[in-house]
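One structure is given here, and the rest of the page talks about it.
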Amino acid sequence: MTDPISEELQAFVFANRGLLLAAPAALLAAFGRPSAFSVSVGLPTALAGELLRCWAVGYSGETTRNDRVTASKLVTSGPYGHVRNPLYLGNFITALGFAVAFTGKNKPIERLALTAGTLGVMAALYATIVPHEEQYLRERFGDEFERYCEHVPRIVPQLEPAADGAGTWDVGVIAQAESKTFLTFGAMLALLALKSIASS
């Protein structure tokens, strides 16, 4: 039986995931010193992560920004046919990209600390959030979700998608569902530009 305190903590972290993820971003903005090379490598990586998010959101819809776990149907096609958590994988790739972009002129130990700290916070949050989401999906969809778990990995994508995926991509939901993410991405770009000017 799951510890109720653990369930409460998982629900709290899920509801406040955006705010909690702002902490490593603030550290990068405060202490990062970008270089032209680090930006040229990191920015495309960050953009690739956001594109993966957009691909996933087009399938999962607006429910990705709720304060509690909801799902009207189990989506198993598109990126969800390759990995069970494409949104979080996209976030992780974006965070890696910004960590690289912001720290080009930092000393190696500083660069390591900022990058490891950023990704470590994300890993800890997702280690809390993912079991919380999966418990809901298991209760909501039962054997259908269990079969999905058998064929699709949780974190590391498989090259070939699972067969008979359910769900369709709708570009129309992306602008609304990703509005906060786009604002955050834009703010990080603006900070990166300012830091690049300041460190030049």
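The values are calculated or read from the model by the stated rules, or taken from the named source; none is laboratory data. Small disclaimer: the values here were computed from a predicted structure and weren't measured. Glycine gets a Cβ as well: all are built from the backbone with ideal geometry, and neighbour counts include every protein chain shown.
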Any chance you could count how many residues in segment 102-115 are loosely packed, with under 14 Cβ neighbours inside 10 Å and either in contact with a helix residue (DSSP H, G or I) (Cβ under 9 Å, 6 or more places away or on another chain) or outside any helix (DSSP H, G or I) (or both)?
1
Looking only at residues in segment 8-56 that are of a type in the set (Phe, Trp, Tyr) and under 17 Å from Glu110 (Cβ atoms), which one is nearest to the chain's Cα centre (by Cα)?
Phe31
Number of the exception - Ala26 against (1) touching a residue at least 12 places away in the same chain (Cβ under 8 Å); (2) farther than 20 Å from Pro131 by Cα
(1)
Selection over segment 112-137 where residues are more than 16 Å from the chain's Cα centre (by Cα), at pLDDT below 95 and closer than 13 Å to Leu27 by Cα yields a count of 0
In segment 118-150, anything touching a residue at least 12 places away in the same chain (Cβ under 8 Å) and either more than 22 Å from Leu20 (Cα to Cα) or in contact with a Cys (Cβ under 7 Å, 6 or more places away or on another chain) (or both) is listed as Leu137, Arg140, Phe141, Glu144, Phe145, Tyr148, Cys149
If a residue must be assigned to a loop (DSSP other than H, G, I, E, B) and of a type in the set (D, E, K, R), how many such residues does segment 133-188 contain?
5
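Among the residues of segment 160-197, which ones are polar (S, T, N, Q), over 20 Å from the mean Cα position of the chain (by Cα) and buried (at least 17 other Cβ atoms within 10 Å of the Cβ)?
Listed by number, the list holds a single entry, Ser196.
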